[in-house]
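**Student:** Pasting a structure below so you can have a look.
The values are calculated or read from the model by the stated rules, or taken from the named source; none is laboratory data. What you see is a predicted model, and the numbers here were worked out from it, not measured in a lab. Positions of Cβ are backbone-derived with ideal geometry, glycine not excepted, and every protein chain shown enters the neighbour counts.
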Amino acid sequence: MARSDKLALGTFIFSYGSHPAGWLHPGSQVDANNSFAHMLNVAKLSEQGRFDFMFLADSPAASVGNPAALKRMPHKMNRFEPLTLLSALAVATDRIGLAATLSTSYYEPYNVARLFGSLDHLSGGRACWNVVTSDHDETGYNYNREGLPPHAERYERAREFLDVCCGLWDGWEKDALLMDREAGVYYDEDLVHTLNHKGKHFQVRGPLNIARSPQGRPVIAQAGGSPAGIELAAQSAEIIFARAAGFDGTKQFYDKVKGRMAAYGRPRDQLKIMPGFTATVGETEAEAQAKVQFLAEKMHPIVGLHLLGEFMEADLTDLALDKPFPLERLPDAPKGSKALFDDVREFVSSNRPVGELIKIYAARVASSGIVGTPTQIADVMEEWFVGEACDGFILQMPALPADLEDFVKLVVPELQRRGLLRRDYEGKTLRDHLGLADPVNRYESLRRA
């Protein structure tokens with residue numbers, strides 16, 4: 001049975017692109033990490049492609065590790081604070097949704113509710129919050145902590161954090177603002193509510209000192225794939241940024257999460273599952289493969305060693321490039337892609353030098369996802385969407401803006417021709433774009449009961 005909805009698309013933003021060598025691409029802007037003009041160009045391109053939103057991943061800490069590698073990896077060390085940037089983009093764009101990561105481990109609910117309420121007003125209803133708990137120890141050292149709390153504790157805090165934020169956003173009902181100059185009355189006191197939350201992690205009185213925003217609250221996104229993360233997403237999330245695991249693996253995740261929604265009284269169409277998807281397009285296969293090879297060759301071996309160490313969750317800085325990889329350093333199970341881990345394990349078993357392994361890994365990093373013509377890329381996207389392995393994709397362009405320009409120019413028209421992607425925006429808010437219902441205000445529901 002054909003789907004009645006359209007493909008959801010988001011642009012994933014690392015300033016130079018998702019590939020570690022993206023900043024070396026001649027089609028990137030060398031000062032992109034701190035350039036508003038560059039970010040605005042990416043936003044405008046995303047609007048031109050009729051995407052739903054652009055998404056700023058974030059970590060409130062510089063990375064730690066081998067300085068010789070980090071000095072060649074600008075996205076690990078230098079980035080905008082996301083809400084500041086999105087607030088600026090809000091007044092320079094018209095339709096593109098504006099999504100950002102803010103961690104429940106390092107903010108307070110009142111701050112986040114106020115920040116996203118303000119962004120939703122500034123953008124006319126295009127804000128989205130990616131709710132994360134953070135997973136890097138180095139972040140905690142910037143916030144008066146020694147590393148990270150345990151996983152279960154972080155998710156317990158996140159659940160209460162989100163509930164408090166929603167309570168604060170509900171505090172102003174839709175018709176609370178009277179703005180009656182003749183009577184001299186600004187708001188209806190019966191439609192503004194004090195939360196008075198007292199829980200295990202937070203004590204928040206309220207009300208929020210900003211009125212209800214156009215969407216009622218921002219669209220809520222979440223990226224966790226653990227059992228706790230899946231449960232939180234089924235209960236509260238409206239977008240999941242999922243990890244692509246091939247059609248079958250992603251379909252299994254899709255069915256699992258959607259299957260949990262009924263337990264919380266939620267319709268399946270009120271959650272959009274969007275895996276990360278790297279698309280390298282050329283007018284010919286050879287042209288697309290040449291783009292992959294260019295970035296693979298540009299990635300410095302020490303950067304490849306650093307990334308390989310992250311992938312294996314091991315410090316590999318002491319390995320010599322001309323020596324075989326020591327088998328005892330290979331972990332029992334992968335942190336990320338099993339297919340890539342199996343390739344690495346097969347290579348390590350062949351006793352070839354580490355330098356060769358890095359070249360193979362660099363090529364796989366550059367070509368993860370789909371490489372090919374517009375038709376080939378659209379075929380895969382259509383298969384996943386129609387087959388209900390996903391509701392759309394987070395597009396991780398290897399080099400920005402070059403690869404995004406090519407995608408909008410070559411792939412978007414093919415998706416539109418097939419009826420998979422909108423030709424124009426039909427609404428103004430991000431909820432309109434995604435077909436998400438307005439959130440139910442708890443206080444309005446009580447009054448109408």
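**Student:** Which ones in the stretch 296-328 are farther than 21 Å from Gly65 by Cβ and hydrophobic (A, V, I, L, M, F, W, C)?
**Tutor:** The answer is Ala296, Leu327.
**Student:** Could you tell me which numbered condition Tyr254 fails, if it satisfies all but one of (1) crowded, with 17+ Cβ neighbours inside 10 Å; (2) free of Cβ contacts under 8 Å to residues at least 40 places away in the same chain; (3) of a type in the set (Phe, Trp, Tyr)?
**Tutor:** That leaves (2) as the condition not met.
**Student:** Can you tell me which residues in the stretch 401-449 are touching a helix residue (DSSP H, G or I) at 6+ places or on another chain (Cβ under 6 Å) and surrounded by fewer than 17 Cβ atoms within 10 Å (Cβ to Cβ)?
**Tutor:** Of everything in the stretch 401-449, those that are touching a helix residue (DSSP H, G or I) at 6+ places or on another chain (Cβ under 6 Å) and surrounded by fewer than 17 Cβ atoms within 10 Å (Cβ to Cβ) turn out to be Arg423, Arg442.
**Student:** I need the helices (runs of 4 or more DSSP H) fully contained in the stretch 271-353, keeping only those with at least 1 residues that are more than 28 Å from Phe393 (Cα to Cα) and not polar (S, T, N, Q).
**Tutor:** 301-312, 338-349
**Student:** Now, a different point. Just wondering, is there one or more residues in the stretch 233-243 that are assigned by TED's automatic domain parsing to the domain that holds Trp129, under 13 Å from Pro109 (Cβ atoms) and within 29 Å of the chain's Cα centre (by Cα)?
**Tutor:** No - not one qualifying residue is present in the stretch 233-243.
**Student:** Quickly run through the stretch 85-110 and pick out the residues that are free of Cβ contacts under 8 Å to residues at least 40 places away in the same chain and either acidic (Asp, Glu) or within 15 Å of Arg217 (Cβ to Cβ) (or both).
**Tutor:** Hits for the stretch 85-110: nothing passes.
**Student:** While we're here: Check Phe12 against each of (1) assigned to a loop (DSSP other than H, G, I, E, B); (2) crowded, with 22+ Cβ neighbours inside 10 Å and name the one condition it does not meet.
**Tutor:** (1)
**Student:** Further, regarding this structure: Would it be correct to say that Glu182 is in a helix (DSSP H, G or I) and on the phi < 0 side of the Ramachandran plot?
**Tutor:** So Glu182 fails the test.
**Student:** Tally time: how many residues in the stretch 189-214 are over 32 Å from the mean Cα position of the chain (by Cα) and assigned to a strand (DSSP E or B)?
**Tutor:** Of the residues in that region, 1 qualify.
**Student:** Among the listed residues Val164, Val112, which satisfies the condition of being outside any loop (DSSP other than H, G, I, E, B), within 18 Å of the chain's Cα centre (by Cα), under 30 Å from Arg442 (Cα atoms) and in the same structural domain as Asn441 (by TED's automatic domain parsing)?
**Tutor:** Val112
**Student:** Scan Ser105, Ser87 and give me the residue that is polar (S, T, N, Q), in the same structural domain as Pro218 (by TED's automatic domain parsing) and at pLDDT below 95.
**Tutor:** After applying the criteria, what remains is Ser105.
**Student:** Residue check, Ala263 against (1) surrounded by 14 or more Cβ atoms within 10 Å (Cβ to Cβ); (2) in contact with a helix residue (DSSP H, G or I) (Cβ under 8 Å, 6 or more places away or on another chain); (3) in a helix (DSSP H, G or I), all met but one. Which one?
**Tutor:** (1)
**Student:** Hey, among the residues in the stretch 236-251 that are crowded, with 19+ Cβ neighbours inside 10 Å and assigned to a loop (DSSP other than H, G, I, E, B), which one's modelled with the highest pLDDT?
**Tutor:** Ranking the candidates gives Glu238 first.
**Student:** Is there a residue being assigned to a loop (DSSP other than H, G, I, E, B), among the polar types (S, T, N, Q) and loosely packed, with under 15 Cβ neighbours inside 10 Å anywhere in the stretch 54-72?
**Tutor:** no
**Student:** Something else now. More than 18 Å from His121 (Cα to Cα) and under 18 Å from the mean Cα position of the chain (by Cα), is that true of Ala183?
**Tutor:** So Ala183 fails the test.
**Student:** Looking at Gly206, Gly225, Gly199 in this structure, which one is surrounded by fewer than 22 Cβ atoms within 10 Å (Cβ to Cβ) and modelled with pLDDT under 95?
**Tutor:** Result: Gly225 is the single residue among Gly206, Gly225, Gly199 that is surrounded by fewer than 22 Cβ atoms within 10 Å (Cβ to Cβ) and modelled with pLDDT under 95.
**Student:** While we're looking at this one, here's another question. Quick check on my filter: what residues within the stretch 242-295 are out of contact with any Cys (no Cβ under 9 Å at 6 or more places or on another chain), closer than 23 Å to Asp432 by Cβ and hydrophobic (A, V, I, L, M, F, W, C)?
**Tutor:** Matches in the stretch 242-295: Met261, Leu271.
**Student:** Looking at Gly97, Gly117, which one is touching a Lys or Arg at 6+ places or on another chain (Cβ under 7 Å) and at pLDDT 95 or above?
**Tutor:** Gly97
**Student:** Follow-up. What's the number of the only condition in (1) under 27 Å from Pro218 (Cβ atoms); (2) modelled with pLDDT of 95 or more; (3) surrounded by 20 or more Cβ atoms within 10 Å (Cβ to Cβ) that Ala288 fails to meet?
**Tutor:** Here Ala288 clears every test but (1).
**Student:** Take Phe311 and tell me if it is over 23 Å from Pro353 (Cβ atoms), touching a residue at least 24 places away in the same chain (Cβ under 8 Å) and either among the aromatic types (Phe, Trp, Tyr) or loosely packed, with under 14 Cβ neighbours inside 10 Å (or both).
**Tutor:** Here the answer is no, as Phe311 does not meet what is asked.
**Student:** Now a separate question. Answer yes if at least one residue in the stretch 164-173 is in contact with a helix residue (DSSP H, G or I) (Cβ under 6 Å, 6 or more places away or on another chain) and more than 13 Å from Arg217 (Cα to Cα), and no otherwise.
**Tutor:** No - not one qualifying residue is present in the stretch 164-173.
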